Structure formats: C-alpha cells, structure tokens
1. Compute the FRET efficiency between Ile141 and Phe94 as 1/(1 + (r/R0)^6), taking r as their Cβ-Cβ distance and R0 = 30 Å, and round to the nearest 0.05.
2. Could you tell me which of Leu148, Thr25, Ile107 has its Cα farthest along the dipole of the chain towards the positive end, charges placed at Cβ (Lys, Arg +1; Asp, Glu -1), taken about the Cα centre?
3. How about region 82-139: which GluC sites (Glu not before Pro) there lie in a loop by DSSP and see at most 13 other Cβ atoms within 10 Å?
4. Label-point separation (nm) for Ala53 and Asp176, each offset 7 Å from Cα along Cα-to-Cβ?
5. Using modelled backbone amide H atoms (1.01 Å from N, in-plane), which distant-in-sequence or interchain residues come within less than 5 Å of Val38's amide H?
6. Using a 1.4 angstrom probe with every protein chain in place, what is the largest-first accessible-area order of Ser43, Ser140?
7. How much net charge surrounds Ala100 when only the other residues with a Cβ under 13 Å from the Cβ of Ala100 are counted, with Lys and Arg +1 and Asp and Glu -1?
8. Please list, in order along region 9-20, the HN-Hα scalar couplings obtained from phi with the Karplus expression 6.51 cos²θ - 1.76 cosθ + 1.60 (θ = phi - 60°), rounded to whole Hz, x for Gly and Pro.
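The values are calculated or read from the model by the stated rules, or taken from the named source; none is laboratory data. Note that this is a predicted model, so its numbers are computed, not measured. When we count neighbours, we look across all protein chains shown, and the Cβ atoms used for this are built from the backbone with ideal geometry, even at glycine. Ligands, DNA and RNA are stripped out before the accessible areas are found, and what is left, the full protein with its side chains, is counted by its heavy atoms. Shrake-Rupley method; radii C 1.70, N 1.55, O 1.52, S 1.80 Å.
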Amino acid sequence: MTKNRVLYGLTNVHYATYKREADGTYKYDAPVRVEGAVSLEMSPTGDPMSYFADNGVYFSRNSNTGYEGALTIAMITDQFRTDVLGEKMVNGGFLETSDAKGKDVAIMFEIDGDAQATRFIYYDCTVARPSQTANTTSESIEIEGQELTFKAKPRTSDKAIRWNTGEATPETMYNDFFKAVVEPVDIPTP
C-alpha cells in the first residue's frame, strides 16, 4: 500500500451490534451500512494527571478512556432505529419508550486519502438518541441531517478502543474490512 499524506472525505459508515460471551469476549454481528454519512467528529477523552514533588512536576500521565463522537447522517434508517436505538415498530411507525433497550455497537468507516482510504473501527460504542431539528422552507432548501452522538470506550475484555488500516495491512484484510469486524491480533510479517 502507498503512504497517505492527507485524509479527506467520509464514506462507508457501518455499525455492527454485538453480544458479550460468558468469558467476556465480544461476538460481533455482520456490519450494516449507514447511508448518507455527512460528517464525523471524534474527540479523545481522559484527563491528564500530574503529581507534584520537589517543587515541580514529578510524574505525569494521560488517562485514555476512549473518545466522544458525533456522526451526522442525512436521515437515520429504520433498521438503525430498531437495531441500535431500541425503538419498536408499532402501527407501521416507530415507538420510542422510556424503557427502550439500545444496543452498543462497533462503528466502522473510511476516510479517503490521496493514495488509499484509511479504514477505522471503534470497537465498543454507546449511541445516544438523536436530537431533532426542523426549519421552515425559505428561498432555498437546507437539509439539516441528523446527528448521533456516541462514546467509544475501551472493551472490557482487552481494553481495545480503536484500530485502523495502515501500510502493512494485508490486502485481503483491507478488501474484506466491511464484511466483519477485524479483531486486533498480531499478524506475522513475511
């Protein structure tokens, strides 16, 4: 693979629901594409800590508790509403209840580059219910999109938060990326 120098353009957003096995490992379902991705913003979470001694910083460390993100899409799909947000199909529409049980998911996406797109997985994400905005139509139509905020946290089984493709990613793994969630295992290099 050729080295990227820049990143631009969001595409191929997917989510994969999962189940926790008795041994604590994660078993992911097949990824589902989310059409209409507009933007994605990820901000690291975790606080810096400093310990002072001898009139100065003696020790410092940053904690890594994952990321907070916001994904804007054109419109939330019916499948996402039922799979992730826990809404129920009632009378041909969607019912949101106060006791709805949403599902945590892996979020996968691709960011184009000048040589080859980089593909990312955030392994354990909790998605919040979206806010809703609507404006009157004026001289031009402005599409608002819907924003989903989420937290990407470390998996409890192995503390994995995120993985992305790189120059050494095997071609078959890169090509099959959106078929199944890639697990972080060491791959012997030839």
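1. Taking R0 as 30 Å, the efficiency between Ile141 and Phe94 is 0.75.
2. Thr25
3. Filter output for region 82-139: Glu96, Glu139.
4. 5.1 nm
5. Counting only residues 5 or more places away or on other chains, the set is Thr72, Ile73, Ala74.
6. Details: Ser43 45, Ser140 70 Å².
The ordering from most to least exposed comes out as Ser140, Ser43.
7. Details: positive: Arg81, Lys88, Lys101, Lys103, Arg129; negative: Asp83, Glu87, Glu96, Asp99.
Neighbourhood net charge equals +1.
8. Result, rounded to whole Hz: x, 9, 7, 6, 6, 9, 10, 9, 6, 8, 10, 8.
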